[in-house]
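K.L.:
My questions all concern the structure below.
None of the figures in this text is laboratory data; all of them are computed from the coordinates on show. All of these numbers come straight from a predicted model, not from anything done at the bench. For neighbour counting, all protein chains shown are included, and Cβ atoms are generated from backbone atoms with ideal geometry for every residue, glycine included.
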Amino acid sequence: MKRAWIVLACLSLVASIALSCTTDQLNSLMKKRIKSMLEDRAQAMEMLEDPDMHVILVGSGGPLDNEERLASCTAIIAGGEFIVVDLGAGTWRNVNLLNLPSGGLSAVFLTHFHSDHIADLGEADFGSWTQARKTNLDVYGPEGVDRVVRGFSMAYALDKKYRIAHHGEDIVPPGTSAMVSHTIHFKDPDEAVLFFDRNGLKAYAFLVDHFPVVPAVGYRFEYKGNVVVITGDTKKTPTLAKHAKNADILISEGLSMRAVKVLSDALAEANQPRLSKIMKDVMNYHIDPVQAGEVAQEAGAKKLVFNHVVPPIINRIVKSIFLNGVKDVYDGEIILGEDGMRFTLAPKE
Ligand SMILES: [Zn+2]
Ligand SMILES: [Zn+2]
């Protein structure tokens, strides 16, 4: 939460200079610091007025512990809407550190309910509310989203009650404190469903194959002639390329089967059968980077950006194994996603 961060930053500043600083100097330092923070915040809110479409990788990693990449979270800002797709652990903190307009959060879209995609839902709801969100928070997802929203709402209910009692209803209004779940239903499993259409930003959901996680979805965004597609977690499916058709940016999960197989074998050799089995199992419901390249090629996507990067890219060798062969199957631009990476798409129409 940015507010908490401001307070912590101020306190640490006080602690570090209190012994050697006059009150006037302290005042001046505080004012400067607060001014720069408010400027950052205003700049973040300006993104909501921008005619471009912004795509930001807030968390580009997978569920394995990873020093460089948090678990899944992608932000889309367009037409005054600020959407986050998935909220892996710690990603709400990154939303603030990346200076995104947290108080302007419009909606959360969840692809499925594995913990590496939902862990920060409570933080996002709570943080955007205390940052003066103007409405309740809409949370969209496949069947099951109502249970997830109910659970997080219950877990944070006491804290919301404390904040209202402490700061007052004018500061943290109870009327905007809730999450509202919206279940996306599919009549035809092969067809995408338009479920969000505000201020020119359209979002479609499509079913993917992350069995036994059923249903799981990916999302396609369209805004002023630009198309951004997020696969979510999935195997390569026959319909993925259709849903990603002509994407300007295809954000695909990527799990290097070769690297994960080596990891699984090494764990077995190290007498870690449980971990080895888990690593072996994950290979059957994800997509290998080369398969993602094939999807991008078939779809005619201009740019392929990997997120949900597994295993963690600990050095150049793992990086080259991860990307090995993608260029052979895909002609477009290939980008290994990193937290904080930003893409801007100017309107085409
Ligand atoms: Zn998953
Ligand atoms: Zn995942």
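K.L.:
A 27 angstrom limit on the alpha carbon distance is what I want to check against. Which of LYS224/LYS303; LYS35/LYS224; LYS224/LYS302; LYS236/LYS348 exceed it?
P.N.:
In this structure, LYS35/LYS224; LYS236/LYS348 exceed 27 Å between Cα atoms.
K.L.:
Could you tell me how far the Cα centroid of the range 52-89 sits from the Cα centroid of the range 264-290, in Å?
P.N.:
26
K.L.:
When the chain is fully extended, how far beyond the present Cα-Cα distance does GLU349 get from ALA155, taking 0.36 nm per residue of separation?
P.N.:
On the way: separation 194, 0.36 × 194 = 69.84 nm, distance 4.41 nm.
Full extension from GLU349 to ALA155 adds 65.4 nm.
K.L.:
Can you list the GluC sites (Glu not before Pro) in the range 155-225 that are in a DSSP coil and have 12 or fewer other beta carbons within 10 angstrom?
P.N.:
Hits after loop and neighbour filter: GLU169.
K.L.:
Now for a different question. Going by alpha carbons, how many degrees (0 to 90, nearest 10) lie between the helix axis of 145-167 and the longest principal axis of the chain?
P.N.:
10
K.L.:
What does a probe at GLU67 reach in the range 315-340, counting residues whose amide N is under 12 Å from the point 7 Å along Cα→Cβ?
P.N.:
Taking a point 7 Å out along Cα→Cβ of GLU67, the residues of the range 315-340 whose backbone N falls under 12 Å are 315.
K.L.:
Rounded, prolate or oblate: pick one for the range 50-345, where a ≥ b ≥ c are the square roots of the eigenvalues of its C-alpha gyration tensor, a/c under 1.5 means rounded, and failing that, prolate if a/b is larger than b/c, else oblate.
P.N.:
prolate
K.L.:
Can you tally the net charge around SER106? Count Lys and Arg as +1, Asp and Glu as -1, for every other residue whose Cβ sits under 13 Å from the Cβ of SER106. Can you show the working numbers first?
P.N.:
On the way: positive: ARG133, LYS134, ARG198; negative: GLU81, ASP125, ASP138, ASP197.
Net charge in that neighbourhood comes out at -1.
K.L.:
Please give every one of the lysines within straight-line cross-link reach of LYS32, meaning a C-alpha to C-alpha distance under 21 Å, and leave out same-chain neighbours fewer than 8 residues apart.
P.N.:
By straight Cα distance, LYS32 reaches LYS2.
K.L.:
Moving to a separate point now. Quick check for you: which residues of the range 314-349 have the amide N under 15 Å from the point 7 Å beyond the Cα of VAL262 toward its beta carbon?
P.N.:
Zone members listed by number: 314-325.
K.L.:
Further question on the same structure: Taking the Cα-to-Cβ direction at ASN99 and at ASP328 and moving 7 Å from each Cα, how far apart do the two end points lie in nm?
P.N.:
Here the modelled spin labels are 4.3 nm apart.
K.L.:
Right, next: With angles folded into 0 to 90 degrees, how steeply does helix 23-46 sit against the dominant principal axis of the chain? Use alpha carbons for both and round to 10.
P.N.:
40
K.L.:
What does the helix-only formula give at 222 nm for the chain: each DSSP H stretch with n ≥ 4 adding -39500 (n - 2.57), the total divided by the residues, and the result rounded to the nearest 500 deg cm²/dmol?
P.N.:
-11500 deg cm²/dmol
K.L.:
Below 8 Å, C-alpha to C-alpha, sequence gap of six or more: please give me the relative contact order for the chain in percent. The partial results should precede the final answer.
P.N.:
Working: 735 pairs, mean separation 57.8, N = 349.
Computed value for the chain: 17 percent relative contact order.
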